[in-house]
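Chemist: Structure incoming, see below.
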Amino acid sequence: MKFYRGVLLFTLILIFLSIIYLNYYLITYKDVYDHASQIIKATGLIIFLFIISILYANVEIEVEGEHGWAQDLPTWTYGPEWIKNLLSGKYLTGYHTFLLLLFIPAIFHFPLFFTSWTIYKECVILGSYFFFVVVEDFMWFAFNPKYGLKRFNSRNKRIWWHRNWFGPLPDLYLEGMLIVLIMFSIGLPYF
């Protein structure tokens, strides 16, 4: 438990310092949004996505505890075979439907209220969403004191919601990151 608190404290300090640095950078440099700053903007986006993924993973750890995929939560489930095949062995839950399929994508689309929509912005938003989902799921295991990285493998039968693995990672991570790569390749050059 001591190690978990230390990692959490370190992460929170890193998040705080990253936010201060990004805000300082955005305030001090007037040409931050010109073409030469594409790499800096992309790096800032990735750092921000890591930060919110870590925060959300810790929220899910507090809500779900050691029982992943809302196993012990009072929520509805829907699990015909076609859903389980689509979701790699998982059933659909009300918890994940409202948070991961509706609320979080809506939050990611919020900036579009202040700018015009383009296909490039949509690609960055979708890429960011898939990046968030993959990193958040991995961080759930990394920060969860009942799992940790040592217990994150295909041999662990307690991780029933990741049925298919490709080497050391669930196949959904690789599929998600492929979508991220495609979406970012299309959208980030015009972001």
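Coordinate-derived values only; no laboratory data. Remember, predicted model here, so these are calculated numbers, not experimental data. Note that each Cβ is placed from the backbone with ideal geometry, even for glycine, and that neighbours are counted across all protein chains shown.
Chemist: By counting other Cβ atoms within 10 Å of each Cβ, how are Glu136, Glu175 ranked from fewest to most?
Modeler: With the fewest neighbours first, Glu136, Glu175 line up as Glu175, Glu136.
Chemist: Next question, about the same structure. How far is it, in nm, from the label point at Phe191 to the one at Ser116 when both lie 7 Å from their Cα along the line to the Cβ?
Modeler: If labels sit at Phe191 and Ser116, their model points lie 2.1 nm apart.
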